[in-house]
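Novice: The structure that follows is given in the form of structure tokens.
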Protein chains: 2
Amino acid sequence: MNRRGTYAKGAAKREEILVVALEVVAKRGCRKATLSEIAERVGLTQPGLTHHFSSREELFQEVLRARDTRDHAEYNPPNRGFDGFLAVMRHNMEVPGLVQLYAEFAAEASIPDHPAHDFFVERYAWVRGVIAAAIGRSQEQGEMGLDLDVAEAADLIVVAADGLQVQWLHDPTTDMLGRLSRMWALLRRSSWSVGDAGPGDEPAGTGLIP
Amino acid sequence: MNRRGTYAKGAAKREEILVVALEVVAKRGCRKATLSEIAERVGLTQPGLTHHFSSREELFQEVLRARDTRDHAEYNPPNRGFDGFLAVMRHNMEVPGLVQLYAEFAAEASIPDHPAHDFFVERYAWVRGVIAAAIGRSQEQGEMGLDLDVAEAADLIVVAADGLQVQWLHDPTTDMLGRLSRMWALLRRSSWSVGDAGPGDEPAGTGLIP
DNA sequence: GTCTATAAAAGGATAGAC
DNA sequence: GTCTATCCTTTTATAGAC
């Protein structure tokens, strides 16, 4: 531990930057949050900040990564299942800045050559996996039918959660937890087989498959 | 029609700008799309463009408004119900630029004092209403139970659609239509009463309501 | 309705000192 | 690890001519 003043200090500053970056995003929005303002708020110049995070995109990506790491450790101990996911969403309602950053940056990064594109693709896969595991656990306990298409069900939970967060940002009275619980309940009660109305199928008469 | 050269020309240029703005957004993303590039592509200078749309936010908002107007006329003639909604989503898959703009700009506008904030709040209410009407129609036809909470069900469809679009931007193999059809099927098969597991309720043991 | 010109600001990147 | 200094680029906004 003789690295005090170098490594330790650097790591602490990094943490501080991540926190302050979030505050600036919460106030200005992801688009209008600038490196200079963040730097100033942590008592650095803009080039000083760049030493820690070499670009705006890297910084925001790391803010979100740190969030995931902490949230997962805090709310998703092994096998907590859907309750853990709900707990994360409940926590999200106390940190609108994070939700705002997530929604805006994820959308911005949807363009294929965005620096954070791969981060989000991997993150989505990870989240779907977490939810799929929760569904699997629910199946083991007999709460959900074994004929449920787990991947599809997990997808629906994840996209509903994402969509809900944007709605909630626009209207904070949105009942995210209630809506997600309902979504979960729908899946719990349903029972379907692949040949029934599987992925890609459509209601008859839609005309989507000419 | 003696206004050729003034009103007519202005309106035509406006339309052209809306189209080109979309192309630039599709290429660069909403954040990186600039008034100057759009102006150049329509053969105007940036101040020339500003004459038609006084800000970036107004321009993007009008692109989305024009889209809604056209889509609604094209795919949602009275009482087409859920099929009409699916048709809009199918059409969206042919215009990723629009989906990209919608996702990114909606997230950006989630901050309360954003110029387009109200536009999105009103738009969400409108879309929810459209879906709620489709559900109501489905109930009349006996396809959906009368005990369905229409507002809640409509919400779930809308947020799932929004979330799906972002997922699809990141991974174009995402089966948006299949997922939405499944969502609809879940609601069709379900049957719930308000006291059963109504909005705001949670699974037992979640601890979300201390 | 569109231009030129210019403002006025700000964004992010980089080289080199300490 | 942080600063100063500087650079280049870009962005939006505005005033006034045609």
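Novice: Return only the number of the condition from (1) surrounded by 20 or more Cβ atoms within 10 Å (Cβ to Cβ); (2) in contact (Cβ under 8 Å) with a residue 12 or more places away in the chain; (3) not in a helix (DSSP H, G or I) that A:Leu156 does not satisfy.
Specialist: All conditions pass for A:Leu156, except number (3).
Novice: Right, another one. Picking from A:Thr50, A:Thr34, A:Thr45, which residue would you name as being surrounded by fewer than 20 Cβ atoms within 10 Å (Cβ to Cβ), within 14 Å of chain B (Cβ to nearest Cβ) and within 16 Å of DNA strand C (Cβ to nearest atom)? Walk me through it before giving the result.
Specialist: On the way: A:Thr50 fails: within 14 Å of chain B (Cβ to nearest Cβ); A:Thr45 fails: within 14 Å of chain B (Cβ to nearest Cβ).
Residue meeting the stated conditions: A:Thr34.
Novice: Between a first residue in segment A:51-78 that is in contact (Cβ under 8 Å) with a residue 24 or more places away in the chain and a second residue that is within 16 Å of DNA strand D (Cβ to nearest atom) and part of a helix (DSSP H, G or I), which pairs have beta carbons less than 6 Å apart while being 6 or more apart in sequence or on different chains?
Specialist: A:His52/A:Arg14; A:His52/A:Ile17; A:Phe53/A:Leu59; A:Leu59/A:Ala21; A:Val63/A:Leu18; A:Val63/A:Ala21; A:Ala66/A:Leu18
Novice: On to the next question. Only one of (1) more than 10 Å from DNA strand D (Cβ to nearest atom); (2) small (Gly, Ala, Ser); (3) in a helix (DSSP H, G or I) is not met by B:Ser36, so which one is it?
Specialist: With respect to (1) more than 10 Å from DNA strand D (Cβ to nearest atom); (2) small (Gly, Ala, Ser); (3) in a helix (DSSP H, G or I), B:Ser36 is out only on (1).
Novice: Also, I was wondering about something else. Within segment B:103-132, restricting attention to residues that are of a type in the set (Phe, Trp, Tyr) and more than 9 Å from every other protein chain (Cβ to nearest Cβ), which residue is farthest from B:Cys30 (Cα to Cα)? Working first, answer last.
Specialist: Residues of segment B:103-132 that are of a type in the set (Phe, Trp, Tyr), as a first pass: B:105, B:119-120, B:124, B:126.
Checking which are more than 9 Å from every other protein chain (Cβ to nearest Cβ) leaves us with B:119, B:126.
Values: B:Phe119: 17, B:Trp126: 23 Å.
Looking at the filtered set, the residue picked out is B:Trp126.
Novice: Then there's this: Which of the residues belonging to segment B:119-176 are under 12 Å from the mean Cα position of the chain (by Cα), basic (Lys, Arg) and over 30 Å from A:Pro112 (Cα atoms)?
Specialist: Answer for segment B:119-176, where residues must be under 12 Å from the mean Cα position of the chain (by Cα), basic (Lys, Arg) and over 30 Å from A:Pro112 (Cα atoms): just B:Arg128.
Novice: Condition check: at pLDDT 95 or above, in contact with a helix residue (DSSP H, G or I) (Cβ under 9 Å, 6 or more places away or on another chain) and surrounded by fewer than 20 Cβ atoms within 10 Å (Cβ to Cβ). Does B:Arg80 satisfy that? Give the derivation first.
Specialist: Values: at pLDDT 95 or above: no; in contact with a helix residue (DSSP H, G or I) (Cβ under 9 Å, 6 or more places away or on another chain): yes; surrounded by fewer than 20 Cβ atoms within 10 Å (Cβ to Cβ): yes.
Criteria not met by B:Arg80.
Novice: Another question, if that's okay. Tell me the residue from B:Gly129, B:Gly142 that is surrounded by fewer than 18 Cβ atoms within 10 Å (Cβ to Cβ), assigned to a loop (DSSP other than H, G, I, E, B) and small (Gly, Ala, Ser), please. Step through it out loud before you land on a result.
Specialist: Working: B:Gly129 fails: assigned to a loop (DSSP other than H, G, I, E, B).
Residue meeting the stated conditions: B:Gly142.
This table checks each residue for (1) in contact with a Cys (Cβ under 9 Å, 6 or more places away or on another chain); (2) closer than 15 Å to B:Leu177 by Cα; (3) part of a loop (DSSP other than H, G, I, E, B); (4) of a type in the set (Lys, Arg).
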| position | (1), (2), (3), (4) |
| --- | --- |
| B:Pro77 | no, no, yes, no |
| B:Arg80 | no, no, yes, yes |
| B:Leu86 | no, yes, no, no |
| B:Glu94 | no, yes, yes, no |
| B:Gly97 | no, no, no, no |
| B:Gln100 | yes, no, no, no |
| B:Ser110 | no, no, yes, no |
| B:Asp113 | no, no, yes, no |
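The values are calculated or read from the model by the stated rules, or taken from the named source; none is laboratory data. Remember, predicted model here, so these are calculated numbers, not experimental data. Here Cβ is always computed from backbone atoms with ideal geometry, including for glycine, and neighbour counts include all displayed protein chains.
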